[in-house]
Number of protein chains: 2
Amino acid sequence: MSVTAAKGFTAAGIAAGIKENGNPDLALVVNGGPRLDAAGVFTSNRVKAAPVLWSEQVLRGGQVSAVVLNSGGANACTGAPGFQDTHATAERVAGALGQSAAEVAVASTGLIGLRLPMDSLLAGVDTAAESLSPHGGEKAAIAIKTTDSVHKTAVVEAAGYTVGGMAKGAGMLAPGLATMLVVLTTDAEVPAAELDSALRAATRTTFDRVDSDGCMSTNDTVLLLASGASEVRPEQAEFAEAVRALCADLALQLVRDAEGASKDIRIEVVGAASEDEAVEVGRSIARNNLLKCALHGEDPNWGRVLSAIGTTSATFDPDELNVAINDVWVCRKGQVGEDRSLVDMRYREVRITADLAAGQETAVIWTNDLTADYVHENSAYSS
Amino acid sequence: MSVTAAKGFTAAGIAAGIKENGNPDLALVVNGGPRLDAAGVFTSNRVKAAPVLWSEQVLRGGQVSAVVLNSGGANACTGAPGFQDTHATAERVAGALGQSAAEVAVASTGLIGLRLPMDSLLAGVDTAAESLSPHGGEKAAIAIKTTDSVHKTAVVEAAGYTVGGMAKGAGMLAPGLATMLVVLTTDAEVPAAELDSALRAATRTTFDRVDSDGCMSTNDTVLLLASGASEVRPEQAEFAEAVRALCADLALQLVRDAEGASKDIRIEVVGAASEDEAVEVGRSIARNNLLKCALHGEDPNWGRVLSAIGTTSATFDPDELNVAINDVWVCRKGQVGEDRSLVDMRYREVRITADLAAGQETAVIWTNDLTADYVHENSAYSS
C-alpha cells in the first residue's frame, strides 16, 4: 500500500511533536535499492520554502535514498536559518541511515513563516528511522496530512512491477502544482532521466490541472523514486502511462477532499485552437468565484461560464460558444440553449463542457465549489 | 446630487416592471445641451452584452443626448434578438425626446442569458421621459441598483463648473472594470476627445483597480457626458483631476458595498520596477482566496501575501520582500518581521503594503474579504 507497495521501500510515520495537537507529523520513506534513481517536480511559485530549495538541489543528482516529510510547519519564508533547519534534518536522516545527506530529500507543509521545532523534529527523525517497515506506507501517508480529512494513497500494478504513492493536499490547490506533497515509488528499473520525463508528463496533465482555489503553494513537491528491486526494465511509454494513471488517481483524491467543498467540478474545454488555450480557458472558469458559488447553490448559471471565457485571450467567437452543464447544452452559439431546468445538479460531481468551436484541442481542469465551509476553514485559524 | 448636479441635465428613475419585485429598474439621463460631447469606457470582457455593443458604436460619434439604463436583466448572451431589443430601446428614447437613436446610449445590468421584457421596458421609457426632472439624479441612481445595498452618487464642484455622477455595482467587481454602470455628467465645455482622455486616465487608476472578486462582467459601462451649460472651458489637467476624484469616490463606494464583504482591503504595492508590475502584484494579492479568508478572520497571514507575490512575473528577490499589514511590518526581507500580534484588525479597513524592493513605482488595488455571506449571496439565487 502507498509508498511501500513497490519492492525495496520502507517507510514510517510518527508523531514527533511538531503539531501541537499530538497528531502524526513526520514521515520517512527509504529506498533500499538496489538502485536510487529519482526525479522531482516542484512548485513554480517564486517564493519557495527552504525544503524545496534543498530538494531541488538533491534531485539535480538524480539519486535519492530517503525522503523525510513533515506536516505542522512549512518552513517557508524562514530565511537562512530555515534553510539550515532543512539541511540539519537531511543530515540527521543520513546519519540514522548511514547515507549521504546529498541524497536525502526534504518536504514540509503547514503554516508559512514559522521556524520548525528542531529538537522535536530531529528526535522524531531517529524514532522514524527505528520504525521503518515495508508495511509503513499507510502510516507515512497519515503523518503528512494537514487539513486533509483522509489520507491519500494509490497503487498501479504494471507488468512485473508496481508504482505506488501517497499524497497530501486539501487547500491552496492550484496550477504549477498545489499545496501538495506527493511521494511515488516504483520497483521498476528506470534511469533518472526517464523518471524525470515520465513524471513531468504525468504532472502536467494531472496535478497541474487541479485548481481547487487558484492559490499556489510555496512548498509543492512531487517525487518519484525507483528501486529497481523488481528487476523489470519497463518500456518507457508503458511506464509513463502507469505513472500518469497513479498521478491522476491521487490528483482526483485531492479534489475530492478539498477544504469545505461540496462539489467536484470537472471542466472539459473542447474545440480549442491549442491545448494551451484549452487550459487557459479551463483555469479561468475554474477560478471564477461567482460561478463556484452558483454551482454550490446548484444553479447551472452558464452566463458566468461565458463571462469567464470572455476574460481569456483564447481563440473563439462569442456567438459560437457552446456550454453544457451535466451534459445539457444550456448555451448554444452564445445564447440560451436547452432549458436549464433539465440540468440535474443533485450529485457531488458537476461536469461543465465548454466548446470554443475554434479547433480540435481539449483539456480537463478540476476544481471545487466555493462554500461557506471553505471560508470558515480558511478564516477561523492560521494555516 | 448625482447626474443632475451639473447644469443642463435631467434624469428620471422609475419602476417599469422589469424586476419581478416591483423595485425601480429603469433610469433615463438626458443632456439638454447646449453641447452633447461624450466619452465612454466599456468592459474588456470579450463576451459583451448587447447594450455594450450598441453603446460602443454610439460613442464612436462622440455625441450622446441621452442614456437609458435598466436593472433587472443584463441582455447579455442574447444574440441578434437581444441586440434588436437594445436598438428598439434606443429608438423609443429617441422618439420620446425627439432625438436621433444614434446618440442614445443604452446600459443594462442583471442576469445573463435572459431576454428583457420589452413591452414593460418600452412603456417604461415613455413614463421615464415624462418624469424627467433636474432633480431626478437620486431616483436614477436608485433605479440602477441590483444587489447594491445603497445607491451611489458623488459630486465634485470645480472652478465654475460641476462634475457629478452615479454608479452601481456590488459583485463581479474586477479589472477591466467591474459589473458597474456609471454615468458621469458635467456642465463644463469639453470636447469629446478631451472627455475621452480624461475618462480613460481616471478609470485606469480608479474603477480598473477595484478588484472585489476577480470576476469581470459582460456589461461594464462608464459614460461621461458634457453639456457645456456652465459656459466654462476648463484647463485639461484640472478637468481630468476633477473626473479622477469623482471616479475615485464612486469606486470606493463600490468597494464599501461589495456583496457580503466585511473588510475593505487597500493593497498598496511599492518599490516596484514598473507600474504595470505593481498592478500585477496587487491583483494577485487581491485575488488570493486564502488571504481573503484569513483577513475575514482578522488573521494577519502575511505568508499568503508572499505566496501570492510569488506567482507573478514581477521583478523581485524573495529575500528582499517586505510586507506590512495595518502599518506593522510583519514580514521583513522575506522572513518574520515585527510581531503579528501587534496588528490591529478590528476595523473594516485593512491596509496591506507590499514592498518589492525593486524600484520606485507604486499602485493601489482595492478588494474585499471573502465571507460566508458572499457565498450565500452568490449561491442562493441566480444573479
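The residue that is nearest to A:Leu291 (Cα to Cα), among those in region A:239-277 that are surrounded by fewer than 23 Cβ atoms within 10 Å (Cβ to Cβ), more than 17 Å from the chain's Cα centre (by Cα) and not small (Gly, Ala, Ser), is A:Lys263. Name the residue that is farthest from the other protein chains (Cβ to nearest Cβ), counting only residues in region A:324-343 that are small (Gly, Ala, Ser) and touching an Asp or Glu at 6+ places or on another chain (Cβ under 9 Å). Among residues in region A:324-343 that are small (Gly, Ala, Ser) and touching an Asp or Glu at 6+ places or on another chain (Cβ under 9 Å), the one farthest from the other protein chains (Cβ to nearest Cβ) is A:Ala324. Just a yes or no: is a residue in region A:49-69 assigned by TED's automatic domain parsing to the domain that holds A:Ala226, in a loop (DSSP other than H, G, I, E, B) and over 23 Å from A:Phe239 (Cβ atoms)? Among the residues of region A:49-69, at least one is assigned by TED's automatic domain parsing to the domain that holds A:Ala226, in a loop (DSSP other than H, G, I, E, B) and over 23 Å from A:Phe239 (Cβ atoms), which makes the answer yes. The criterion of being without any contact (Cβ under 8 Å) to a residue 24 or more places away in the chain, small (Gly, Ala, Ser) and crowded, with 16+ Cβ neighbours inside 10 Å holds for A:Gly310.
Evaluation of B:Ala105 against the conditions (1) away from every other protein chain (no Cβ under 14 Å); (2) closer than 30 Å to A:Asp317 by Cα; (3) in a helix (DSSP H, G or I) shows that the sole unmet condition is (3).
Within region A:111-140, the set of residues being buried (at least 24 other Cβ atoms within 10 Å of the Cβ), under 30 Å from B:Asp299 (Cα atoms) and among the small types (Gly, Ala, Ser) comprises just one member, A:Gly113.
Hey, could you check region B:108-139 for residues that are away from chain A (no Cβ under 14 Å) and part of a loop (DSSP other than H, G, I, E, B) and say which is nearest to the chain's Cα centre (by Cα)? Residue satisfying both the conditions and the ranking: B:Gly136. Looking at this structure, is A:Gly297 within 26 Å of A:Leu254 (Cβ to Cβ), of a type outside the set (Phe, Trp, Tyr) and either within 9 Å of chain B (Cβ to nearest Cβ) or in contact with a strand residue (DSSP E or B) (Cβ under 6 Å, 6 or more places away or on another chain) (or both)? So A:Gly297 fits the description; yes.
Table: residues versus (1) part of a loop (DSSP other than H, G, I, E, B); (2) within 30 Å of B:Gly113 (Cβ to Cβ).
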position	(1), (2)
B:Arg351	no, no
B:Gly359	yes, no
B:Thr367	no, yes
B:Asn378	no, yes
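Take the conditions (1) away from chain A (no Cβ under 12 Å); (2) in contact with an Asp or Glu (Cβ under 9 Å, 6 or more places away or on another chain); (3) under 23 Å from B:Val279 (Cα atoms); B:Arg346 misses just one of them, which is (3).
Of the residues making up region B:285-307, just one is surrounded by fewer than 24 Cβ atoms within 10 Å (Cβ to Cβ) and small (Gly, Ala, Ser), namely B:Gly297. Residues that are acidic (Asp, Glu), touching an Asp or Glu at 6+ places or on another chain (Cβ under 6 Å), under 24 Å from A:Ser149 (Cα atoms) and at pLDDT below 95 occur in region A:368-378; there is at least one. For A:Val243, the conditions (1) among the β-branched types (Val, Ile, Thr); (2) in contact with a Cys (Cβ under 8 Å, 6 or more places away or on another chain); (3) closer than 16 Å to A:Ser197 by Cβ are fulfilled apart from (2). If the condition is being without any contact (Cβ under 8 Å) to a residue 40 or more places away in the chain and facing chain A (nearest Cβ under 7 Å), then region B:280-294 contributes B:Asn288, B:Leu290, B:Ala294.
Just name the residue that is farthest from the other protein chains (Cβ to nearest Cβ) out of those in region A:15-28 that are surrounded by 21 or more Cβ atoms within 10 Å (Cβ to Cβ) and among the aliphatic types (A, V, I, L, M). Only one residue tops the list, namely A:Leu28.
Okay, residues lined up against (1) of a type outside the set (Ser, Thr, Tyr); (2) over 21 Å from A:Ser284 (Cβ atoms); (3) surrounded by 24 or more Cβ atoms within 10 Å (Cβ to Cβ); (4) assigned by TED's automatic domain parsing to the domain that holds A:Gly164:
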site	(1), (2), (3), (4)
A:Ser217	no, no, yes, yes
A:Leu223	yes, yes, yes, yes
A:Ala229	yes, yes, no, yes
A:Pro234	yes, yes, no, yes
A:Ala237	yes, yes, no, yes
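Just checking, does region B:1-16 include any residue being under 17 Å from the mean Cα position of the chain (by Cα) and among the small types (Gly, Ala, Ser)? Yes. Any residue at all in region A:209-219 that's closer than 23 Å to A:Gln63 by Cβ and either in a loop (DSSP other than H, G, I, E, B) or within 14 Å of chain B (Cβ to nearest Cβ) (or both)? Yes - at least one qualifying residue is present in region A:209-219.
Tell me whether region A:189-197 contains one or more residues that are touching a residue at least 24 places away in the same chain (Cβ under 8 Å), part of a helix (DSSP H, G or I), acidic (Asp, Glu) and surrounded by fewer than 23 Cβ atoms within 10 Å (Cβ to Cβ). Yes, region A:189-197 contains at least one residue that is touching a residue at least 24 places away in the same chain (Cβ under 8 Å), part of a helix (DSSP H, G or I), acidic (Asp, Glu) and surrounded by fewer than 23 Cβ atoms within 10 Å (Cβ to Cβ).
Does at least one position in region A:281-289 carry a residue that is under 21 Å from A:Val41 (Cβ atoms) and of a type outside the set (A, V, I, L, M)? Scanning region A:281-289, I find at least one residue that is under 21 Å from A:Val41 (Cβ atoms) and of a type outside the set (A, V, I, L, M), so the answer is yes. Give all pairs with beta carbons closer than 7 Å in which a residue from region B:29-48 that is away from chain A (no Cβ under 12 Å) meets a residue that is at pLDDT below 90; count only pairs at least 6 apart in sequence or on separate chains. From residues that are away from chain A (no Cβ under 12 Å), the pairs are B:Val41/B:Leu177; B:Phe42/B:Asp220. For residues in region B:252-279 being assigned to a helix (DSSP H, G or I) and over 27 Å from A:Thr371 (Cα atoms), which is farthest from the other protein chains (Cβ to nearest Cβ)? Here the answer is B:Glu275.
When B:Ser313 is evaluated against the numbered criteria (1) touching a Pro at 6+ places or on another chain (Cβ under 7 Å); (2) at the interface with chain A (Cβ under 9 Å from one of its Cβ atoms), which criterion, by number, is the only one it fails? Condition (1) is where B:Ser313 drops out. Only one of these conditions is not met by B:Leu321: (1) more than 9 Å from chain A (Cβ to nearest Cβ); (2) over 27 Å from B:Glu259 (Cα atoms). Which number is it? Here B:Leu321 clears every test but (1).
Residue count for region A:70-80 satisfying the condition of being surrounded by fewer than 22 Cβ atoms within 10 Å (Cβ to Cβ) and more than 8 Å from chain B (Cβ to nearest Cβ): 1. For region A:71-81, the criterion of being of a type in the set (Gly, Ala, Ser), part of a strand (DSSP E or B), in the same structural domain as A:Lys139 (by TED's automatic domain parsing) and more than 26 Å from B:Gly334 (Cβ to Cβ) is met by no residue.
Annotation note: of A:Glu20, A:Glu56, the sole residue that is closer than 19 Å to A:Ile144 by Cα and acidic (Asp, Glu) is A:Glu20.
When B:Val41 is tested against (1) at pLDDT below 95; (2) in a loop (DSSP other than H, G, I, E, B); (3) buried (at least 22 other Cβ atoms within 10 Å of the Cβ), exactly one condition is not met: (2).
The values are calculated or read from the model by the stated rules, or taken from the named source; none is laboratory data. Note that this is a predicted model, so its numbers are computed, not measured. So basically every Cβ, Gly included, is an ideal-geometry build from the backbone, and we count neighbours across all protein chains shown.
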